[in-house]
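Structure first, commentary second.
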Amino acid sequence: MGKLKAIIFDVDGTLAETERNGHLVACNEAFVQMGFDIRWSWEEFKELLKIPGNARRMRLALSTRTLLSETEIDRIVPELFALKKELYLRRVDALPLLPGVARIIHEAIARGVRLAIVSVTHEDQILALLRAQIPEALEAFDPIFGQQSGKKDSTLYARCAAMLGYDASETLVIEDSERGFKAANEAGLPCAVVYNEYTRGQDFTGAELVVRSLECLDLDLLERLCLG
């Protein structure tokens, strides 16, 4: 076994393209089903991704694009978000893992490299995606920290690393955004950034690796580039 002992993955935009093809579609469907004349374009949603959490994004939309009172919004948002989650969970079969992700996961399992997740997505959505797209690896991800675990910041990454039990030099974070990278970096963890359409151009200064895709990488090369 090499130097790499554990990998911590982000989910949205890292494991799969869930934002555009999953969360956005589910949000728009939820708005329609609850009778709101709100439909976000992808360009609008990309800007809204700066706000963590779809419940907060939906609250903003209701407060700026309807005449609802704050009391009414407080009542409606939980119902609207619950519907959105239900609609998203129905779509996970149509959200394939990004190129190279499954290979890295399978190679890690074969080598005994531990796997974990730190994400702003709710745990049930994370589990549903794994169960739909890579069920054979579901049990290998431990711990899984999602939205219920608290704010995604350096503290949560440090907590995850402590549970894995390895030195920072033996642990690699794979992220897609500046916010996630900085959280990992502030926790003292090496980070490989796999950017996408909506995180391209963000500040990844200090990352061990910045690439567009994992497609051309295997675990050995990832280890050499990031921990060598």
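Computed from the coordinates by the stated procedures, all read-outs in this text should not be read as laboratory data. Everything numeric in this text was worked out from a predicted model, so none of it was measured. Here Cβ is always computed from backbone atoms with ideal geometry, including for glycine, and neighbour counts include all displayed protein chains.
A few comments on the model shown:
- Highest mean packing first, where packing is the average number of other Cβ atoms within 10 Å per residue, the peptides 25-32, 215-222 line up as 25-32, 215-222.
- The chain - percent relative contact order, Cα under 8 Å, separation 6 or more: 25
- C-alpha long axis of helix 154-164 to longest principal axis of the chain, angle in °: 50
- Charge dipole (Cα centre; +1 on Lys/Arg Cβ, -1 on Asp/Glu Cβ; no other charges) of the stretch 1-92 amounts to roughly 380 debye.
- Other residues whose C-beta falls under 14 angstrom from the C-beta of Asn196 contribute a net charge of -4, scoring Lys and Arg +1 and Asp and Glu -1.
- Loop trypsin sites (Lys or Arg not before Pro), the stretch 4-103 (other Cβ atoms within 10 Å of the site Cβ: 14 or fewer; DSSP): Arg39, Lys50, Arg90
- Dipole check for the stretch 21-60: with +1 at the C-beta of Lys and Arg, -1 at the C-beta of Asp and Glu, and the Cα centre as origin, the magnitude is about 200 Debye.
- Long-range lysine pairs (8 or more apart or interchain), the chain, Cα under 24 Å: 19
- Listed residue (Leu48, Gly165, Tyr195) projecting farthest to the positive dipole end of the chain, Cβ model: Leu48
- Rounded to the nearest 20, the Cβ-based charge dipole of the stretch 42-187 about its Cα centre (Lys and Arg +1, Asp and Glu -1) stands at 240 debye.
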